[in-house]
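Single-structure report; data block below.
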Amino acid sequence: DAGVIQSPRHEVTEMGQEVTLRCKPISGHDYLFWYRQTMMRGLELLIYFNNNVPIDDSGMPEDRFSAKMPNASFSTLKIQPSEPRDSAVYFCASSLYPLGTQYFGPGTRLLVL
Amino acid sequence: KQEVTQIPAALSVPEGENLVLNCSFTDSAIYNLQWFRQDPGKGLTSLLLIQSSQREQTSGRLNASLDKSSGRSTLYIAASQPGDSATYLCAVRPSGGTSYGKLTFGQGTILTVHP
C-alpha cells in the first residue's frame, strides 16, 4: 500500500485566498484524522471521521475551516478565507480501528502571506 | 483538559549510548499511549503503542514503559545510532466517550546522535 497520500505537499498563498488540502487514506481504513502542527502549539487534532461521518470537530479553530469526506478514499480540508496565522503543517492520518495505530501522511506545508 | 509534557526538549548523545526519553500526562484516564518518530520535513511514524493495561512494549532496540497511575511513560533506546536522530513524540488517547480518536501530543524531544 502507498500509505496515506496528501496533496499538495507545499502551498503558498496570499491572505484571503481559499486553500484546499487533500487526503487519500490507506485503503480499508475507516477512520481519518486531520491534524495541524505549529511550533507554538505542537500537533493538534482538528477533526476526525468514521466511515465518512465527522465524529469530533471540536478542534476546528473557527468557521473559516471546513472538512469533508465524500467517500471512503478522499477527504478535503478547506480554509476560506486564509490568514497568515493559518500557516502550519497539516497532516492527515488514518487507522483501521478506532483505538489503534494511526498512520500519518507526509503533510502539507502551508504558508499564508 | 489533558496535558502531555516531554522532557528533555532536546538531547544530544554520542553513538552507542543508551538513553531514556520521558513523557508525563495529567489525566490518568487513558486508553493507550503511543510513541512516534518524526524526521525533518516528514510525517509521523508509529514506533510503539502501549495499552493502559500493559506495563511495557518492546520493538527491537526500543522499549516503552507505562505507569498509568503516576501519569508517566518512558521510551528507552538501546545502543543509539546516528539514524535514530529525529523528534520523538508521545501521544495519549482518552478512555470513553466520543473522544476516543483524539490523541493529545506532547511537544516532542529532539534527539541527535552524533558519530
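The values are calculated or read from the model by the stated rules, or taken from the named source; none is laboratory data. Predicted model, so just to flag it, every value in this text is computed and none were measured. Heads up, the Cβs are rebuilt from the backbone with ideal geometry, glycines too, and the neighbour counts pull from every protein chain shown. All accessible areas refer to the heavy atoms of the entire protein, side chains included, with ligands and DNA or RNA removed. Shrake-Rupley method; radii C 1.70, N 1.55, O 1.52, S 1.80 Å.
Checking each residue in region B:92-109 for being modelled with pLDDT under 95, assigned to a strand (DSSP E or B) and open to solvent by less than 10 Å² (accessible area, probe 1.4 Å) picks out B:V92, B:R93. Against the numbered list (1) in a strand (DSSP E or B); (2) within 11 Å of another protein chain (Cβ to nearest Cβ); (3) farther than 22 Å from B:Y100 by Cα, A:Y35 comes up short only at (3).
Taking every residue in region B:1-26 that is without any contact (Cβ under 8 Å) to a residue 40 or more places away in the chain and pairing it with any residue that is open to solvent by 80 Å² or more (accessible area, probe 1.4 Å) and not charged (D, E, K, R), at least 6 positions away or on another chain, the pairs with Cβ-Cβ distances below 9 Å are B:K1/B:T26.
Might you let me know whether region B:69-86 holds any residue that is modelled with pLDDT under 95, closer than 30 Å to A:D30 by Cβ and open to solvent by 50 Å² or more (accessible area, probe 1.4 Å)? Scanning region B:69-86, I find no residue that is modelled with pLDDT under 95, closer than 30 Å to A:D30 by Cβ and open to solvent by 50 Å² or more (accessible area, probe 1.4 Å), so the answer is no. Would you mind stating whether B:S53 is at pLDDT below 95 and either open to solvent by 40 Å² or more (accessible area, probe 1.4 Å) or assigned to a loop (DSSP other than H, G, I, E, B) (or both)? Spelling it out, B:S53 is indeed at pLDDT below 95 and either open to solvent by 40 Å² or more (accessible area, probe 1.4 Å) or assigned to a loop (DSSP other than H, G, I, E, B) (or both). The residues on offer are A:E11, A:E44, and the sole one that is facing chain B (nearest Cβ under 9 Å) and either at negative phi or not in a loop (DSSP other than H, G, I, E, B) (or both) is A:E44.
Here B:G41 does not qualify as within 14 Å of chain A (Cβ to nearest Cβ), within 30 Å of A:H10 (Cα to Cα), without any contact (Cβ under 8 Å) to a residue 40 or more places away in the chain and open to solvent by less than 40 Å² (accessible area, probe 1.4 Å). Annotation: of all residues in region A:76-92 being under 10 Å from the mean Cα position of the chain (by Cα) and free of Cβ contacts under 8 Å to residues at least 60 places away in the same chain, the one that is nearest to the other protein chains (Cβ to nearest Cβ) is A:V89.
Looking only at region B:23-34, residues that are buried (at least 20 other Cβ atoms within 10 Å of the Cβ), more than 11 Å from chain A (Cβ to nearest Cβ) and either within 20 Å of A:R36 (Cα to Cα) or touching an Asp or Glu at 6+ places or on another chain (Cβ under 8 Å) (or both) come to 2 in all.
Would you mind finding the one in A:S27, A:S73, A:S58, A:S95 that is within 13 Å of another protein chain (Cβ to nearest Cβ), polar (S, T, N, Q) and open to solvent by 50 Å² or more (accessible area, probe 1.4 Å)?
After applying the criteria, what remains is A:S58.
With the structure loaded, tell me whether B:G16 is outside any strand (DSSP E or B), modelled with pLDDT of 95 or more and either in contact with a helix residue (DSSP H, G or I) (Cβ under 7 Å, 6 or more places away or on another chain) or surrounded by fewer than 12 Cβ atoms within 10 Å (Cβ to Cβ) (or both) or whether it fails that test. Spelling it out, B:G16 is indeed outside any strand (DSSP E or B), modelled with pLDDT of 95 or more and either in contact with a helix residue (DSSP H, G or I) (Cβ under 7 Å, 6 or more places away or on another chain) or surrounded by fewer than 12 Cβ atoms within 10 Å (Cβ to Cβ) (or both).
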